[in-house]
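Colleague: Structure provided below as structure tokens; questions to follow.
Every number here is computed from the coordinates shown, using simple stated rules; none is lab data. Fair warning: this is a prediction, and the values are worked out from it, not measured in the lab. Cβ: placed from backbone, ideal geometry, glycine included. Neighbour counts: every protein chain shown.
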Amino acid sequence: MNAQAQAQAQEKKTVWVLWGEEPEVAGNEPLKYEFNTQAELDAFLLGISEGDGWFGYDYIERDQQPSLSEFENYSGEDAL
């Protein structure tokens, strides 16, 4: 395996998930998940997509934690 392929194989795949249909009501924060391969990440995302049901979620793939306002399922409205 050449150096470039080895470096790519060692790169972790990172995704941040903000769980909940209305995460601002529950005060949820995004959770970080790391995977060794893109295939592992894809399987995780497929699993949460299939199991979503009524609870909702949104995700952003990157190393640094995103702000809450970047998630589509975060309205920023205060809880009632």
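Colleague: If you put +1 on each Lys and Arg Cβ and -1 on each Asp and Glu Cβ, how big is the dipole of the range 7-63 around its Cα centre, in Debye rounded to 20?
Modeller: Dipole magnitude for the range 7-63 comes out near 240 debye.
Colleague: Next up: Could you tell me which of SER49, THR37, TRP19 has its Cα farthest along the dipole of the range 7-63 towards the positive end, charges placed at Cβ (Lys, Arg +1; Asp, Glu -1), taken about the Cα centre?
Modeller: Checked the options; the winner is THR37.
Colleague: Sticking with this structure for a sec: Compute for the range 7-63: radius of gyration divided by Kirkwood radius, i.e. Rg/Rh, restricted to C-alpha atoms, rounded to two decimals.
Modeller: 1.03
Colleague: Gain in length, ALA26 to GLU50, computed as 0.36 nm per residue apart minus the alpha-carbon separation, to one decimal in nm?
Modeller: 6.4 nm
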